[in-house]
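Structure first, then comments.
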Amino acid sequence: MFSWFANPLRFMRLSNWLAPLCYALAALLIGWGLWQGLWVVPKDDYQGGDIMRVMFVHVPAAWLAMASYMAMAVMSFIWFIWRHEVADIAAKSIAPLGAVWTAICLATGSIWGKPTWGTWWQWDDARMMSVLFMFFLFLGYMALRASMDTRQKAARAGAILAMVGAINVPLIKFSVDLFTSLHQDSSVITADGPKMAAVYLWPLLASGLGHTMLFAGLTQTLMRAEIWDRRTAKANAKLMAEG
Amino acid sequence: MLRGVTSPVSGPLSGPLLSATGLGMIRGERVLFTGVGLSIAAGESLVLRGSNGAGKTTLLRILAGLTRPETGDVTRSGPHHWFAHREGLKPHETPRTHLGLWSRAWGSESDLDSVLSRMGLKRPADVPARYLSAGQRRRTALGRLLLEQRPIWMLDEPYTALDAEGRDLVLELIEDHLKGGGGVVAAIHGESGFVPTSEVVL
Amino acid sequence: MLRGVTSPVSGPLSGPLLSATGLGMIRGERVLFTGVGLSIAAGESLVLRGSNGAGKTTLLRILAGLTRPETGDVTRSGPHHWFAHREGLKPHETPRTHLGLWSRAWGSESDLDSVLSRMGLKRPADVPARYLSAGQRRRTALGRLLLEQRPIWMLDEPYTALDAEGRDLVLELIEDHLKGGGGVVAAIHGESGFVPTSEVVL
Amino acid sequence: MRPAPILSAFRQALGEAWAGGAGALLPLGFFAGAAVLVPLGIGTDPQTLRAVGPGILWVALALSSLVTLERVFQADTEDGALDLWLQTGVPASAVAAAKTFAHWLAAGLPLALLSPLLALMFQAEASASLLRNAALYGLGGLAFYFWGGVGAALSATVRRGGLLISLIALPLYVPTAIFGALSMTQGPGSESAPLFLAASTLFALAVAPFAMAAALRLAAD
Amino acid sequence: MRPAPILSAFRQALGEAWAGGAGALLPLGFFAGAAVLVPLGIGTDPQTLRAVGPGILWVALALSSLVTLERVFQADTEDGALDLWLQTGVPASAVAAAKTFAHWLAAGLPLALLSPLLALMFQAEASASLLRNAALYGLGGLAFYFWGGVGAALSATVRRGGLLISLIALPLYVPTAIFGALSMTQGPGSESAPLFLAASTLFALAVAPFAMAAALRLAAD
Ligand code: HEM
Ligand SMILES: Nc1ncnc2c1ncn2[C@@H]1O[C@H](COP(=O)(O)OP(=O)(O)OP(=O)(O)O)[C@@H](O)[C@H]1O
Ligand SMILES: Nc1ncnc2c1ncn2[C@@H]1O[C@H](COP(=O)(O)OP(=O)(O)OP(=O)(O)O)[C@@H](O)[C@H]1O
Ligand SMILES: [Mg+2]
Ligand SMILES: [Mg+2]
């Protein structure tokens, strides 16, 4: 299956219509989710009153941050084992997006934390710390790739880091259950299914799906740009070899 | 980019000790070489030629399996010795401890003292590498070639920093090795001192 | 311990560019040399000879004022160029930035591009030193000799890692320098390529 | 897999640690530094010192592993020793693990063994828990050294090491640092923390050598 | 004394700091490290954090100066650049001072400039004293870098650097550290402490270059 996607040509043809579709779905889902979340659902005083509406950004951002890291690690793994170029391109394209979503999660979490917990940041909170470190990992991944002199080396170095760093994700996911944390326990993605009231759950899920679509669309766009870049570089090298 | 051609003389009976086909390499958007093929059988030697920056060291590293070629394949039939610009000496190691370490690592049984005296390192045998002269460092690293019999020798500019006597010594080692059925690949500027079976010009 | 003797040819009219008397050096309880005297006048060259570890590099460092001799004195009548095993290149420096840095440091007015092309460094002019080939590094360091006119050149194994063309280039530079009234001290193994005015054998 | 090359790698690394001024003496330097500079910086209130003591040592362990290993792998790349080790025929991961272990033994372990002393200097009460903590420092330090080795090996390729290595290694340190700190407090979760610390060290021992090997092969490329 | 070689030494050192991954970015790494590992280690009681914050930064400055400069002078010895600098005809002390100043500018100053941020993260109250403290960190850091340079230059000769450098540099740091820490407290003597800090920095600037020059000439010998 990987090899089927691994063909850059096929990917270009696929993403040609898939990316716009992703953007359209993203607009619909995020639009509805936010409209519901920001104006329709009742506010919840237990979670800080109106500030809880930030949840409809915070939670999808948190999910996407973790998912994008996992996606980057999996792509790196595929590249490392099978050397499919598209997987490397995907991993490279995911990194900046993941960093942005992680930053959004951190920012919205802090904004939410100030009124509800009375602090912007708690240093020994395992969840906050591990999300912060995921942010560092994304930055480190990009810095590492940027500092390599060839594309091949950049891909190898990045893949090693992405795979090793994947230990962070389970730590993030289970940190609230393992440690005492200010953060609330999982209530959507749990072993016994969602425990959240339906008024909140549906807009949240819609928003989450919308973010996923947006993420998928942006990834494809970045990948297309990278593929064009590499084609140009290859053509240049050929020219130089002949000239 | 391959301007020279390997001469396709094959070994007496056995297969080649080392062979490579279609090697190509790119460094920093510059094509160093493409389509390099070579093969060395027992008793054969190959000299890599080319001006500074042509890619000899890079090709040697590819043959040794240290660097991955952009295209092409390398087959080595056995272990090899590696001797390059960077000698692999730690500043605190003396000729004796360095050769001792590698002889233990490789499980070789050769006599350290005789290796040291063969390489002309009797006197500085216990001087840490950071105080050794350039030639003494090279001689220490060359000593590794004597620790263990290995079919293939890969040498990057083996005469660098050696005095006349040291040069003769290396030549003698190479000739003994070739007579004993070994193979040698060496990157050399100027006179090689021996008649190579084939040359590759990059 | 001085096994060779300097030939006491003095320069045409002016005093010597460089002279030393009674130099002696001990390294790690070993006497490297004693009573070495030498002198170079304008247009003269001196080649240091000796087997590996004899003390050539040490003597050069003493002549350059980097190392203090155990006994004896050195007199230099003017500034000198230094070119040794360790090229003084930082891994991030490119041939262009390295030569640019030193040309500014010395306040020289020579044209960088012409120096680079004279040294055959047009192509790798902007490649960081950590990616340069051995010969390209040497050529970069040699380029410093062209940045500024200086009466004395001190060269430690100047031909190391150079291809045939690079060797000819260095030879040409040395001859031009000598013709222009400069002096050269060089430690060389094997053929020097030019006829030195005198030799010191350690 | 013949053990001789691995033993040799271990032996060379020990010699290097010793000659490089790390080794059994480095912790003394650290101790002198911490004992002198920290109270100068933060004041000598016994309460504060006691609170800070255990943490300082974790930080010192993390820093020592980074600084040491970065130098080790960079030196290996520059002096050509890495090329030799990669051609010994044994897996690079075993060589990397042997080297890292040697450096932990030379610098990390003595630091842990001396930790009760530092704790006493920082006004902790003498008790059996100091010995228990020493074991935890040893365990956690091992994980630091192995993850630090991954960061160091990755940054040996590029020379913009300084920043990169901290961006890379810090996230890898986090689980160990969290569990380590947690296991020295009295709070909830502190009972099971040593177990998690041990697990994170085991994980590091199992995974890091392969990542190091891949990174070192990359550095030679 | 022509200024051109000194300027070039300064410029090369800046380039080196940047390419070596120090430079304006290294402090970020240090920040991340300190900000993250320290609270993890010592707990997050705001009282403790506030007490510890200023001291941590002094220690970070001291460490960064040591680590940076040791590498700088060792690299200079190994790659032959030191030989070139010693033959420029300008006093070695001026070259050493230019290099050290460049590295302080690249790594020490940004650390000082960012210090208010760290203080805020460590629960200090926002006030004008944070800016005043930043200036003090800058001043004290300069002294650290110059004294650290002496230790680094001395240890460039011998390769048992690791231990030596901390043993040599620490005693030199102490006056600066004392006055620096004192000038950030409210206790007695805290008014005149900044003056003493400035004096100790001036002393370092006046004396350290000559000590460095002597040590570097020794390293080339
Ligand atoms: C900077 C601080 C914060 C960070 C780094 C953070 C991080 C995260 C992460 C990673 C998740 C996904 C967890 C999972 O799916 O298991 C999450 C979910 C969530 N967060 Fe936060 N968070 C922060 C602050 C807050 C605050 C202040 C609140 C509200 C008081 C909050 C409420 C939630 C909620 C309700 C969820 C959904 C949990 C679920 O249903 O699974 N977070 N956060
Ligand atoms: N990142 C890079 N960017 C540009 N060029 C590079 C890069 N890396 C390597 N090169 C070039 O690749 C070549 C490497 O050559 P190599 O060291 O194999 O040469 P060589 O034939 O051994 O030369 P020498 O005779 O000087 O030892 C050099 O020309 C170098 O400039
Ligand atoms: N600390 C020391 N203990 C013992 N011997 C030492 C010490 N330091 C230097 N030496 C010896 O001093 C000599 C230095 O020689 P130098 O580098 O000048 O030799 P050279 O003539 O340049 O040799 P080459 O031709 O190999 O470059 C070497 O023989 C070295 O072993
Ligand atoms: Mg070469
Ligand atoms: Mg020499």
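Numerical summary
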| read-out | value |
| --- | --- |
| Tilt relative to chain A, helix A:168-178 - C-alpha long axis, 0 to 90 degrees, to 10 | 10 degrees |
| Between the stretch A:131-192 and the stretch D:48-116, the alpha-carbon center distance in angstrom | 23 Å |
| For the stretch B:50-80 and the stretch C:146-181, distance of Cα centres in Å | 32 Å |
| Gyration tensor (Cα) of the stretch D:4-220, equivalent ellipsoid semi-axes in angstrom | 31, 18, 15 |
| Under the span-like rule (Cα at least 24 Å along the axis, Kyte-Doolittle mean at least -1.0), DSSP H helices of chain D | D:46-79, D:128-157, D:161-182, D:193-220 |
| For C:Gly22, inter-copy label distances in nm, listed shortest first [label point 7 Å out on the Cα-Cβ vector] | 7.3 |
| Sorted by Cβ neighbour density within 10 Å, fewest at the top, the residues E:Leu130, A:Leu18, C:Leu32 | A:Leu18, E:Leu130, C:Leu32 |
| Three-way shape label, chain A, alpha-carbon gyration tensor, a/c 1.5 | prolate |
| Cα gyration tensor category, rounded, prolate or oblate, for chain B with a/c compared to 1.5 | prolate |
| Relative exposure of A:Phe135, E:Phe196, judged by other C-beta atoms within 10 Å (fewest first) | E:Phe196, A:Phe135 |
| Taking A:Cys22, A:Cys105 and counting other C-beta atoms within 10 Å, the order from fewest to most | A:Cys22, A:Cys105 |
| Derived scalar couplings ³J(HN,Hα) [the stretch A:196-208; Karplus, 6.51 cos²θ - 1.76 cosθ + 1.60; whole Hz; x for Gly, Pro] | 9, 5, 4, 4, 7, 4, 5, x, 5, 5, 4, 4, x |
| Helix C:95-105 vs. chain C, principal-axis angle (Cα, 0 to 90°, nearest 10) | 60 degrees |
| MRE, 222 nm, helices only [DSSP H, n ≥ 4, -39500 (n - 2.57), over chain B, to nearest 500] | -8500 deg cm²/dmol |
| Alpha carbon centroid spacing (whole Å) that separates the stretch E:119-149 from the stretch D:177-221 | 34 Å |
| Angle between chain A longest axis and helix A:85-117 axis [Cα atoms, degrees, rounded to 10] | 20 degrees |
| Inter-probe distance in nm under a simple model that places probes 7 Å from Cα toward Cβ, at A:Asp192 and B:Glu29 | 6.1 nm |
| Cα-based Rg and Dmax for the protein assembly as shown, where Dmax is the largest Cα-Cα distance (Å) | 31.3, 105 |
| Label-point separation in nm, C:Asp73 to C:Glu165, each point 7 Å along Cα→Cβ | 4.8 nm |
| Leading residue at positive end of dipole, chain C (Cβ point charges), from C:Pro16, C:Pro69, C:Val115 | C:Pro69 |
| Per-copy distances of the E:Ala206 label point, shortest first, in nm (7 angstrom along Cα→Cβ) | 6.3 |
| Eligible lysines near C:Lys122 by straight Cα distance, threshold 24 Å, same-chain separation 8 or greater | A:Lys234, A:Lys238, B:Lys56, C:Lys90 |
| Using a 7 Å Cα-to-Cβ projection, C:Leu171 label spacings across copies, nm, ascending | 1.9 |
| Student exercise, the protein assembly as shown dipole from Lys, Arg, Asp, Glu Cβ charges, in Debye to nearest 20 | 800 debye |
| Range of Cα positions in the stretch B:88-149 per principal axis (Å), largest first | 28, 20, 15 |
| Antiparallel %, DSSP beta bridges [both residues in the protein assembly as shown], to 5 | 40 percent |
| Nitroxide proxy distance, nm - points 7 Å out along Cα→Cβ at C:Tyr131 and A:Lys114 | 4.6 nm |
| Chain B: antiparallel DSSP beta bridges as a percent of all, rounded to 5 | 40 percent |
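Every number here is computed from the coordinates shown, using simple stated rules; none is lab data. The shown structure was predicted, so the numbers you read here are calculated from the model rather than taken from an experiment. Note that we place each Cβ from the backbone using ideal geometry, even for glycine, and neighbour counts take in every protein chain shown.
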